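**Student:** One structure is given below, represented as structure tokens, and several questions about it will come after.
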Amino acid sequence: MHFPVMQIIIRKFIVNVLFALAMVMLFIQSGRAQDPGGVTIIDARHYSIVLGETRNYRIFLPPGYSDHLEKRYPVIYFFHGWSQRYFGASDPYSDYDKGDENGGDNIANFVSQHDVIIVKVDGYNRSPDEKYYVRPWNVTPVETYRQFPLYFPELVEHIDSHYRTIADREHRGISGLSMGGFMTFWIGGKYPHLLSAAGNFCGSPEFTVGPKDFPVEYRHLDMYNNYAGMNLRLNYGDKDFIRGYHEDMNRMWPQIIDNYEYKVYDAAHSTCGMGEMFTFILKTFENPAARPSPWDHIDVYPEFSLWNYRVMTDRAAPGFTILENVDARGFRCSVREFLPDGALLSFVKVSVRTPPIYEKNHLYTINDVDTRTSKAIQRTIRSDDQGRLMIDINGSTHEIGINKTGDKPNVSLVALDLQGARWATNGKEVMLTIKILNKGASVAKNIRATLTATRPGAQVIKGEVSFGDIAVNEMKTGNSATTFRVSADSIEIQKFKLTFRDDRKNQWVDYFEIPLKRDLPQINDFEIADGRIFTVAKAGIDTATIQLGKGNGDGVANPGESIVILVKDQNKLWRTDLSGSDPNINPF
């Protein structure tokens, strides 16, 4: 009777012995140091199938790690900045590993006082036969086929299989400095199903990223919907040379992201507040956000996976695949050349494979409405023997409804139209008409919508609108416009909630964001750069003398020229972003 119990005990003893031997071998094969605080620092390596080469990392193991073989630990991954490596570098701004570095506010000192493993990733991006190069992570420019975001899940799997981690998203976070801070928010937004927290030190706001043959300009400001279910934090210094970009983000993200915070330190470009950042991540592990439902995602790669969905395209051109409002009843999908409103790449073929959440080998009716052309297609798909569906569409804007016989209506927002203005202006009443779609399996009866603001500062003046009955695959505009006003000039974007109801007590919720522009006088002090040389503001506080635009250089916008509008402010010329709808201007 007792033999099975003894067998289990012996088996567990053997496992522990083998694990201890594996750790000894790992220490022998890699660099190991013992920090005075009891932290074990190992410089280790593994072969990456994704990158096709041996990759290095430095791992910080807490005191007692080798003594308590049953104990498991949460993990924070750290991405270093420019000119740095996993082992540090000669630049003092990279000294934050151990001892007195960074005034004692460093990785080893934090690990010595907390039950956590920290993995410092190596961003080096050169083959052995290439010249040593200090720019990490293969961004701006994208020079090789090494895609570090694609490598990250492989590294996570390696760490989880070789160290005693708590191997779930609720106990896994990511952080990084400067270019590594950029990577932190990028990888965090790409893998919300792997991570629950992301902490950015002085991170760069945008870079050129993605496939080597067709990279794109990636801006964190555009990616706010990627972070549902994740806690975010930004630390930066009041003397940071790129603090202006952080201030731009902080005028936007707090208005539209519930789980974002930031702190400004008396510091330059550095890992300011490192201990506070890591504490923020550990507190997230204590109370992680739940998986979002529904969820949104934007990705720069032709193929990607998250939340057990797999998206495959044949895109071989720069672009972004956009998924919105994804749940078991359907989703919205499009492929755009750039964000937020670049040209739709309708020539791209898209396949979305769902998780196994449906009845096995069962017929489902797919309502597919191209909201750009108003064309609706209804087809039947059988789930596979695991309960997955494969849905094929193109890169236009598709609303997909997934239904069984007898399912309820499924109402979603498909379009917003500003009345009497090209954009919403602070302090003025904004009239907004709403178009919705029923992509469910039955008629939606007597639909009403209620508009509410999700943040202070917005006053909804008229928030009720009716749509009447909406047939299956029918799009319909409300019988009147909703009206709101955002008075504060400091608000640059406002998030709203739309709640739809029908006569059968069904309810649907959708969210949208409206950018706002301040009501300012016409700009008169400007220059048209059409192939001329100017000294312009650069990197927040610097200047650069460069040629801008393409043309004859006479300062007039002539047909066929590419121009940059420069505006004078604070005794500097600043390059501008332009918005407009003139059909005679090519936005590219």
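The values are calculated or read from the model by the stated rules, or taken from the named source; none is laboratory data. What you are looking at is a predicted structure, and each value in this text was computed from that prediction instead of being measured. Cβ placement follows ideal geometry from the backbone for every residue including glycine, while neighbour counts extend to all protein chains displayed. For the accessible areas, the whole protein counts, side chains as well, though only heavy atoms, and no ligand, DNA or RNA atoms are used. Shrake-Rupley method; radii C 1.70, N 1.55, O 1.52, S 1.80 Å.
**Student:** Scan the stretch 366-392 for residues that are open to solvent by 20 Å² or more (accessible area, probe 1.4 Å), touching a strand residue (DSSP E or B) at 6+ places or on another chain (Cβ under 6 Å) and either among the aliphatic types (A, V, I, L, M) or under 21 Å from I447 (Cβ atoms) (or both) and jot them down.
**Tutor:** T371, A376, I377, Q378, I381, M390
**Student:** Still on this model: Within the stretch 206-225, identify whether any single residue is closer than 25 Å to N106 by Cβ, over 13 Å from the mean Cα position of the chain (by Cα), of a type in the set (S, T, Y) and part of a strand (DSSP E or B), and answer yes or no. Steps first, answer last, please.
**Tutor:** Initial filter on the stretch 206-225 (closer than 25 Å to N106 by Cβ): none.
No, every residue in the stretch 206-225 fails to be closer than 25 Å to N106 by Cβ, over 13 Å from the mean Cα position of the chain (by Cα), of a type in the set (S, T, Y) and part of a strand (DSSP E or B).
**Student:** Okay, next question. For A108, only one of the following conditions fails: (1) buried (at least 22 other Cβ atoms within 10 Å of the Cβ); (2) more than 30 Å from E217 (Cβ to Cβ); (3) in contact with a helix residue (DSSP H, G or I) (Cβ under 8 Å, 6 or more places away or on another chain). What is its number?
**Tutor:** Among (1) buried (at least 22 other Cβ atoms within 10 Å of the Cβ); (2) more than 30 Å from E217 (Cβ to Cβ); (3) in contact with a helix residue (DSSP H, G or I) (Cβ under 8 Å, 6 or more places away or on another chain), the lone unmet condition for A108 is (3).
**Student:** I'd like to check something: does the stretch 123-132 contain any residue that is of a type in the set (G, A, S) and surrounded by fewer than 18 Cβ atoms within 10 Å (Cβ to Cβ)?
**Tutor:** So far as the stretch 123-132 goes, yes, one or more of its residues are of a type in the set (G, A, S) and surrounded by fewer than 18 Cβ atoms within 10 Å (Cβ to Cβ).
**Student:** Taking into account only those residues within the stretch 244-275 that are in a strand (DSSP E or B) and of a type in the set (F, W, Y), which is surrounded by the most Cβ atoms within 10 Å (Cβ to Cβ)?
**Tutor:** Y260
**Student:** So, in the stretch 102-137, of the ones that are of a type in the set (S, T, N, Q) and modelled with pLDDT under 95, which residue ends up farthest from T40 (Cα to Cα)?
**Tutor:** Once the filter is applied, the top-ranked residue is S127.
**Student:** If you don't mind, another one. Any residue in the stretch 411-420 that is in contact with a strand residue (DSSP E or B) (Cβ under 9 Å, 6 or more places away or on another chain) and in a loop (DSSP other than H, G, I, E, B)?
**Tutor:** Yes, there is a match, as at least one residue in the stretch 411-420 is in contact with a strand residue (DSSP E or B) (Cβ under 9 Å, 6 or more places away or on another chain) and in a loop (DSSP other than H, G, I, E, B).
**Student:** How many of the residues in the stretch 511-546 are over 30 Å from K435 (Cα atoms) and assigned to a strand (DSSP E or B)? Spell out how you get there, then give the answer.
**Tutor:** Applying the first criterion (over 30 Å from K435 (Cα atoms)) to the stretch 511-546 yields 520-546.
Now restrict to residues that are assigned to a strand (DSSP E or B): 526-529, 532-538, 542-546.
Result for the stretch 511-546: 16.
**Student:** Restricting attention to strands (runs of 3 or more DSSP E) lying wholly within the stretch 293-346, give those where 1 or more residues are touching a residue at least 40 places away in the same chain (Cβ under 8 Å) and in contact with a Gly (Cβ under 6 Å, 6 or more places away or on another chain).
**Tutor:** Details: elements: 295-299, 303-306, 309-313, 320-327, 330-336.
Those strands (runs of 3 or more DSSP E) span 330-336.
**Student:** Would you say K439 is over 19 Å from L516 (Cβ atoms), touching a residue at least 24 places away in the same chain (Cβ under 8 Å) and out of contact with any helix residue (DSSP H, G or I) (no Cβ under 7 Å at 6 or more places or on another chain)?
**Tutor:** The answer is yes for K439.
**Student:** For residues in the stretch 508-557 being out of contact with any strand residue (DSSP E or B) (no Cβ under 8 Å at 6 or more places or on another chain) and either open to solvent by less than 50 Å² (accessible area, probe 1.4 Å) or among the aliphatic types (A, V, I, L, M) (or both), which is nearest to R455 (Cα to Cα)?
**Tutor:** Of the stretch 508-557, the ones out of contact with any strand residue (DSSP E or B) (no Cβ under 8 Å at 6 or more places or on another chain) are 520-522, 524, 539-542, 552, 554.
Checking which are either open to solvent by less than 50 Å² (accessible area, probe 1.4 Å) or among the aliphatic types (A, V, I, L, M) (or both) leaves us with 520, 539-541.
Numbers: L520: 24, A539: 31, G540: 29, I541: 32 Å.
Going through the qualifying residues, I end up with L520.
**Student:** Go through S490, S466 for me and flag whichever is outside any loop (DSSP other than H, G, I, E, B) and either out of contact with any strand residue (DSSP E or B) (no Cβ under 7 Å at 6 or more places or on another chain) or modelled with pLDDT of 95 or more (or both). If you could, list the steps in order and put the result at the bottom.
**Tutor:** Details: S490 fails: outside any loop (DSSP other than H, G, I, E, B).
So the residue among S490, S466 that is outside any loop (DSSP other than H, G, I, E, B) and either out of contact with any strand residue (DSSP E or B) (no Cβ under 7 Å at 6 or more places or on another chain) or modelled with pLDDT of 95 or more (or both) is S466.
**Student:** Just one of F207, F241 is at pLDDT below 95 and either open to solvent by 10 Å² or more (accessible area, probe 1.4 Å) or closer than 17 Å to Y301 by Cβ (or both); which is it?
**Tutor:** F241
**Student:** Looking only at residues in the stretch 281-329 that are over 19 Å from the mean Cα position of the chain (by Cα) and open to solvent by less than 60 Å² (accessible area, probe 1.4 Å), which one is nearest to W508 (Cα to Cα)?
**Tutor:** First, pick out the residues of the stretch 281-329 that are over 19 Å from the mean Cα position of the chain (by Cα): 282-283, 285-287, 313-317, 328-329.
Retained after the next criterion (residues that are open to solvent by less than 60 Å² (accessible area, probe 1.4 Å)): 282, 285, 313, 315, 317, 328-329.
Working: L282: 35, F285: 31, T313: 30, R315: 33, A317: 36, A328: 14, R329: 12 Å.
Result: R329.
**Student:** Can you name every residue in the stretch 94-104 that is open to solvent by less than 50 Å² (accessible area, probe 1.4 Å) and either in contact with a His (Cβ under 8 Å, 6 or more places away or on another chain) or at positive phi (or both)? Spell out how you get there, then give the answer.
**Tutor:** Filtering the stretch 94-104 down to residues open to solvent by less than 50 Å² (accessible area, probe 1.4 Å) leaves 94, 96-97, 99, 104.
Hits for the stretch 94-104 are S94, G99, G104.
**Student:** What residue, among those in the stretch 148-188 that are assigned to a loop (DSSP other than H, G, I, E, B) and open to solvent by 20 Å² or more (accessible area, probe 1.4 Å), is nearest to I298 (Cα to Cα)?
**Tutor:** Ranking the candidates gives D168 first.
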